[in-house]
Amino acid sequence: MGLLITFILGIFIFIGVLVIKLTNNSKIIEQLSISIALGTMLSLISTELIPEVFEIFKSNNIIITLSLILSLVIVGILLLKLLDKFIPEHDSEHGLSHDCTKQNLVHIGIVSSIAIVLHNIIEGMAVYNITLESTKVGILMALSIGLHNIPMGMIIYSTIEKENKNKKIILLSLVGLSTFIGGLLMLFISSILNDIIIGILMCITIGMIIYIIIFELIPHLLHNKNKILSIFGIIIGILIIFISMLFE
């Protein structure tokens, strides 16, 4: 099941490509997908992931438990921060910084694709790991990350739109399959995982989600003038998680 979820997760990249190709209101879809992702991620870490890691690392000394969890969360934050150093800013109309020129657009797209592939491999490993513990939580986490990946697909396609067809197919396929590759890697090492290792990976996953929330989703939504749409999307994201809890 974990492999299937990580494979489907890659489809969201292509949804972003279709948004660019088929719609004139891509900014609205981008904002809505990001705001829903923010709502689901906030709810997911607070209601599912954080309680789970406290259960795994529970001890008589709460200070030691908190210090261990916090340290591992910081590792997750720093890990994505390092990878995002290679991804250009994406706050303008087509997801690129204002100082980008046509001459380096394709280069930026290729570098971004490589960084996003590494980024998604790690996310795929995290989703597969969570799915080992709970299929439902794995699906919800995949939904959150997938919604966040729709704008990523828009960014990549915007930068490589002028490239030849074969190169576009190769790059987009590689990005789309990267979460599945992460799932495969976790499949090969899952036999040696124990509760402590799973707890460590979950803490790192929480750090990655916190990074995405603080440094990617919130700044993007603050940039948008349509605050009502953002609030509407966040509420939808929160409701998705809480409705899913009713079926536990």
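The values are calculated or read from the model by the stated rules, or taken from the named source; none is laboratory data. Note that the structure is a prediction, hence the values are computed from the model and not measured. Here the Cβ is made from the backbone with ideal geometry for all residues, glycine too, and neighbour counts use every protein chain on show.
Using beta carbons and a limit of 8 Å, which pairs, at least six apart or on different chains, have the first residue in segment 233-244 and farther than 13 Å from SER144 by Cα and the second one small (Gly, Ala, Ser)?
Pairs that qualify, where the first residue is farther than 13 Å from SER144 by Cα and the partner is small (Gly, Ala, Ser), are ILE235/GLY39; PHE242/SER43.
A quick yes/no check of all residues on (1) touching a residue at least 24 places away in the same chain (Cβ under 8 Å); (2) hydrophobic (A, V, I, L, M, F, W, C):
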site: GLN31; (1), (2): yes, no
site: THR40; (1), (2): yes, no
site: LEU44; (1), (2): yes, yes
site: LEU66; (1), (2): no, yes
site: LEU70; (1), (2): no, yes
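Quick one: would you say PHE242 is farther than 15 Å from MET125 by Cβ and either of a type in the set (Phe, Trp, Tyr) or surrounded by 23 or more Cβ atoms within 10 Å (Cβ to Cβ) (or both)?
Details: farther than 15 Å from MET125 by Cβ: yes; either of a type in the set (Phe, Trp, Tyr) or surrounded by 23 or more Cβ atoms within 10 Å (Cβ to Cβ) (or both): yes.
For PHE242, the condition - farther than 15 Å from MET125 by Cβ and either of a type in the set (Phe, Trp, Tyr) or surrounded by 23 or more Cβ atoms within 10 Å (Cβ to Cβ) (or both) - is met.
All but one of (1) over 17 Å from the mean Cα position of the chain (by Cα); (2) buried (at least 18 other Cβ atoms within 10 Å of the Cβ); (3) modelled with pLDDT under 85 hold for HIS220; which doesn't?
Result: HIS220 passes all but (1).
Scan segment 186-210 residue by residue and report those that are closer than 15 Å to SER67 by Cα and not aliphatic (A, V, I, L, M).
Listed by number, the residues that qualify are GLY199, CYS203, GLY207.
Go through segment 144-247 and tell me which helices (runs of 4 or more DSSP H), entirely inside it, have 2 or more residues that are under 22 Å from SER46 (Cα atoms). Walk me through it before giving the result.
Working: elements: 165-189, 195-211, 218-223, 227-245.
In segment 144-247, 195-211, 218-223, 227-245 are the helices (runs of 4 or more DSSP H) which contain 2 or more residues that are under 22 Å from SER46 (Cα atoms).
Please determine, by comparing only the residues of segment 84-99 that are out of contact with any helix residue (DSSP H, G or I) (no Cβ under 6 Å at 6 or more places or on another chain) and surrounded by 16 or more Cβ atoms within 10 Å (Cβ to Cβ), which one is modelled with the lowest pLDDT.
Once the filter is applied, the top-ranked residue is LEU96.
Is there a residue being buried (at least 17 other Cβ atoms within 10 Å of the Cβ), closer than 22 Å to ILE5 by Cα and among the hydroxyl-bearing types (Ser, Thr, Tyr) anywhere in segment 180-203?
Within segment 180-203 (the criterion being buried (at least 17 other Cβ atoms within 10 Å of the Cβ), closer than 22 Å to ILE5 by Cα and among the hydroxyl-bearing types (Ser, Thr, Tyr)), the answer is no, since none of the residues qualifies.
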